[in-house]
2 protein chains.
Amino acid sequence: MSPRNTDVSAQVDELPAVCSVIEVLNRVSGKWAIGILIEATRGPVRFTELERAINGISRRMLTLTLRNLERDGLLERTVYPTVPPKVEYEATPRARELYEYLMGLTGWAERHRGAIAAARADYDRREGAVA
Amino acid sequence: MSPRNTDVSAQVDELPAVCSVIEVLNRVSGKWAIGILIEATRGPVRFTELERAINGISRRMLTLTLRNLERDGLLERTVYPTVPPKVEYEATPRARELYEYLMGLTGWAERHRGAIAAARADYDRREGAVA
DNA sequence: CGGGATCCCTGGAGATACTG
DNA sequence: CAGTATCTCCAGGGATCCCG
């Protein structure tokens with residue numbers, strides 16, 4: 001609503017395509033969401049397991065990202081009232097479906113990775129020459 | 001390399017899946033890239049046309065995003081040396097292929113949009129009750 | 001028309017320390 | 001073990017003005 005809006009919802013009144021893709025990206029964006037989703041798609045995974053698996057993530061961001069994914073119904077959080085506590089996260093069917101489409105992107109990325117790197121190097125060479 | 005790295009390349013040594021998806025997201029992320037890609041996929045489009053079509057984008061961000069997409073070989077930029085100048089952008093085949101996968105995400109988003117909104121409302125009600 | 005250059009602000013993310 | 005709470009920093013993005 002305010003012009004100081006980093007969220008992309010401002011485009012929602014645009015083409016529906018933009019709107020929807022943007023929605024996906026919004027919840028899957030952020031440095032860590034995808035990594036977590038991938039781990040949680042393999043099966044139930046504990047907080048500390050994620051923390052170690054993800055490599056570089058801070059406790060804070062792990063928590064925040066988990067909460068957001070849970071909020072959107074992409075992760076199910078199960079608390080075992082034991083001592084010490086045990087909490088497991090697992091991807092919901094909805095998240096697993098999303099995962100499939102993400103794998104589509106993965107394929108694209110892998111196929112074009114080299115070409116893109118080359119294009120980028122080319123561009124930088126040309127523009128670097130100008131400047 | 002530095003810890004002050006917002007880029008997700010730090011995960012590159014992780015599972016290849018994470019790595020690749022992240023790569024895609026990195027270049028398609030940002031508030032405007034997708035909108036531009038969609039417009040440019042329909043056919044050649046001029047700078048000012050984009051500016052009006054995208055709704056809310058600033059000149060600065062339009063330029064920046066266009067440059068990045070061009071750099072990655074996702075857009076082709078054609079300058080007609082007329083007066084006044086005329087510049088057209090069009091999606092490359094590579095971008096069109098990406099576009100297909102983005103449409104997969106679109107479908108997912110549209111199918112789950114309602115459920116996600118509901119899940120979110122639910123979550124907020126529960127958590128709001130606690131706090 | 002199609003940009004560049006500059007200044008500013010915000011929100012995402014890191015570091016660190018504490019708790020049930 | 002599984003988080004919270006605070007502080008801080010920086011890069012993405014908005015606003016504005018200038019230029020060939």
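Bear in mind these aren't lab numbers, they're just calculated from the coordinates by the rules spelled out. Bear in mind the structure is a predicted one, so any value in this text is a computation, not a measurement. No Cβ is skipped: glycine too gets one built from the backbone with ideal geometry, and neighbour counts run over all protein chains shown.
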*Please list, or write none, the lysines whose alpha carbon is within less than 27 Å of the alpha carbon of A:LYS86, excluding same-chain residues fewer than 8 places away.*
A:LYS31
*Quick one: check the C-alpha center-to-center distance for segment A:54-98 versus segment B:95-130, whole angstrom.*
17
*About the Cα centre of segment B:21-131, what is the dipole size in debye to 20, counting +1 per Lys and Arg Cβ and -1 per Asp and Glu Cβ, all else neutral?*
260
*For B:THR48, inter-copy label distances in nm, listed shortest first [label point 7 Å out on the Cα-Cβ vector]*: 6.4
_Neighbour-count ranking [beta-carbon atoms within 10 angstrom, fewest first] of A:ARG125, B:ARG27, A:ARG120_ = A:ARG125, A:ARG120, B:ARG27
